[in-house]
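Take a look at the structure set out below.
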Amino acid sequence: MASSPKRVPIPRRGVDYRGRVVLAPMVRAGELPSRLLALRYGADLVWGPETVDRALIGTERRHNSATKTVEWVKPKPGADASTACDNVIFTTHPDLEANKLVFQIGTSDPERAVQAARLVAADVAGIDVNAGCPKPFSTSGGMGAALLREPDKLCAILEALVKEIVPEFEIGISVKIRILETPVETEALVRKLCATGITGLTVHCRTTPMRPRERAIRGQLRMIADICREAGVACLMNGDVVTKDEGLRLAKEFGADGAMIAIAAEKNPSCFRSASQGGPLPWRPVAEQYVQTCMDVRNRIQNTKYLLAQMVPGKEKAYRSLVQSKCYKDVCTALGWEHMVERAEQLDFILKLDQRTAGKQKKETKRKAETQDASSDGQAKRAKAAAAPMPPPTISPEPAPPVEQPQVPVSLAT
Ligand SMILES: Cc1cc2nc3c(=O)[nH]c(=O)nc-3n(C[C@H](O)[C@H](O)[C@H](O)COP(=O)(O)O)c2cc1C
């Protein structure tokens, strides 16, 4: 009688990566609005950007009633908590992503990893350890790809998380690696990792020195997927996957359990729409939906602009105005979305972006700030606006496409 395949049990609040096509962890590109958009368009799970353990340790968990988000904040003495965005280390929207969000941690130490993971574990569906980032800011601290050269340390981190976090929070622990130079080295590493009690492993099919533009190498993938299957660990493949359908096809071809998409999703999060839903959408409706989502969660304007600059083709006329924009109103005007300008102005006021725009207005604001009465009056208005929810939120699952026009959902049509 054939025995059923071995599987590391998925804890009650955890998620199984099998059969899933997911949004990759991406610093800057994987902030809350990008994740919500990816989910809206059909990503099965989303990874948060790598957050370094030391950055998270010392944060306070705070509920933001205006955006319905939960934020981990490093308090700044005297700062206006509702508008000072710079000290927010991580943000999630529990209603929309809690059971689909995997938190990725940057760490080089088992104790610190556990200390940091404990702060977010009740709000996420999994903790993933970054063992693939080749950037000096990560490797110089012994994190990211540096851990690939210290497998014992990496295993100690994973084992500590499995021991301390899994029983208490009932979520799974996973790891994201790159391939090593030779299949023999990779095999030895993957076998060790699979014995730590992790439920999932993602393999970015590039070696550490390889740049993102170099084609992913899939020669070691089947071997890695086989080892994972033997150990009962779900295996996600990553590298040059551009759509959800392609991810599922490639996973099947190489024996992996699912796939992860980064750059293609950064450029167009609707890459998660399957062909049966009409496939990826053109950039305009996607970018518009992205800005609506950014406004819903009051995303930092710099981050909003960064992502838009990936989505809007550089040859578009609007691109130049977009990169020069300083506030949400500028962004909406640059892209010709007059219907969003009023809402953008309200948000600019709340985020104090209106002060930065017109030089004349800036001088006037400064003059007023010098007068105690005027200043406190402005602060009071802003605080009131900041506490109030914005007009109707636009975050929701993508509406079912109309039967005759499957490509562009009604709310997205330009
Ligand atoms: C802007 C950007 C930020 C990234 N940040 C992270 C990160 O925080 N953690 C991580 O493990 N990988 C990070 N990566 C790597 C991706 O998760 C992914 O492994 C890589 O881009 C290969 O996938 P792709 O070929 O689909 O782009 C990042 C990639 C990009 C483009």
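The values are calculated or read from the model by the stated rules, or taken from the named source; none is laboratory data. All values reported here derive from a predicted model rather than from experimental measurement. Methodologically, a virtual Cβ is constructed for each residue, glycine included, from the backbone with ideal geometry; neighbour enumeration extends over all protein chains shown.
Report, by residue number, each residue of the range 135-144 that is at pLDDT 95 or above and at negative phi. So that I can check it myself, show each step before the final result.
If we filter the range 135-144 for residues that are at pLDDT 95 or above, which is where we start, we get 142-144.
Residue satisfying the conditions is Met143 alone.
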### Task
Residue by residue through the range 27-55, note down the ones that are within 15 Å of the ligand (Cβ to nearest atom) and assigned to a loop (DSSP other than H, G, I, E, B).
Val27, Arg28, Ala29, Gly30, Glu31, Ala43, Gly48, Pro49, Glu50
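Condition check ((1) free of Cβ contacts under 8 Å to residues at least 60 places away in the same chain; (2) touching a Phe, Trp or Tyr at 6+ places or on another chain (Cβ under 8 Å)) across all residues:
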position	(1), (2)
Ala38	no, yes
Leu45	no, yes
Val52	no, no
Thr59	no, yes
Val70	yes, no
### Task
Being among the β-branched types (Val, Ile, Thr) and part of a loop (DSSP other than H, G, I, E, B) is the filter here, so list the residues in the range 15-26 that pass it.
Val15
#### Entry: Number of positions in the range 188-222 that are over 20 Å from Pro151 (Cβ atoms) and among the small types (Gly, Ala, Ser)
2
### Query
Taking the range 75-133, which residues are at pLDDT below 95 and among the acidic types (Asp, Glu)?
Asp80, Asp86
### Query
Which numbered condition trips up Thr182, out of (1) closer than 30 Å to Ala98 by Cβ; (2) among the hydroxyl-bearing types (Ser, Thr, Tyr); (3) surrounded by fewer than 19 Cβ atoms within 10 Å (Cβ to Cβ)?
(1)
### Query
With (1) without any contact (Cβ under 8 Å) to a residue 24 or more places away in the chain; (2) in contact with a Lys or Arg (Cβ under 7 Å, 6 or more places away or on another chain) as the list, and Lys252 as the residue in question, which single condition is left unmet?
(2)
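From the residues in the range 234-249 that are of a type in the set (A, V, I, L, M) and surrounded by 19 or more Cβ atoms within 10 Å (Cβ to Cβ), which one is farthest from the ligand (Cβ to nearest atom)?
Looking only at the range 234-249, we keep the residues that are of a type in the set (A, V, I, L, M), and these are 234, 236-237, 241-242, 248.
Applying the additional criterion that residues be surrounded by 19 or more Cβ atoms within 10 Å (Cβ to Cβ) yields 234, 236-237, 241.
Values: Ala234: 17, Leu236: 10, Met237: 10, Val241: 5 Å.
Across the range 234-249, the extreme among qualifying residues is Ala234.
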### Task
Restrict the check to the range 3-20 and report whether at least one residue is within 14 Å of the ligand (Cβ to nearest atom) and in contact with a strand residue (DSSP E or B) (Cβ under 7 Å, 6 or more places away or on another chain).
no
### Query
In the range 116-150, which residue that is of a type outside the set (Lys, Arg) and surrounded by fewer than 17 Cβ atoms within 10 Å (Cβ to Cβ) is nearest to Ile10 (Cα to Cα)?
Ala122
### Task
Just give me the residues in the range 56-69 being touching a helix residue (DSSP H, G or I) at 6+ places or on another chain (Cβ under 6 Å) and not in a loop (DSSP other than H, G, I, E, B), in sequence order.
Leu56
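Kindly establish whether Cys332 is part of a helix (DSSP H, G or I) and more than 16 Å from Pro33 (Cα to Cα). Spell out the reasoning first.
On the way: part of a helix (DSSP H, G or I): yes; more than 16 Å from Pro33 (Cα to Cα): yes.
Yes; evaluated as a whole, the condition is true for this residue.
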### Task
For Thr199, indicate whether it is over 25 Å from the mean Cα position of the chain (by Cα), crowded, with 21+ Cβ neighbours inside 10 Å and not basic (Lys, Arg).
no
### Message
What are the pairs with Cβ atoms under 9 angstrom where one residue, in the range 261-278, is in the same structural domain as Cys205 (by the TED database) and within 7 Å of the ligand (Cβ to nearest atom) and the other, located anywhere, is outside any helix (DSSP H, G or I) and of a type in the set (Asp, Glu)? Sequence gap at least six, or different chains.
### Response
Ile263/Asp240; Ala264/Asp240
### Message
Taking the criterion of being farther than 20 Å from Tyr41 by Cβ, hydroxyl-bearing (Ser, Thr, Tyr) and crowded, with 21+ Cβ neighbours inside 10 Å, would at least one residue in the range 306-323 satisfy it?
### Response
no
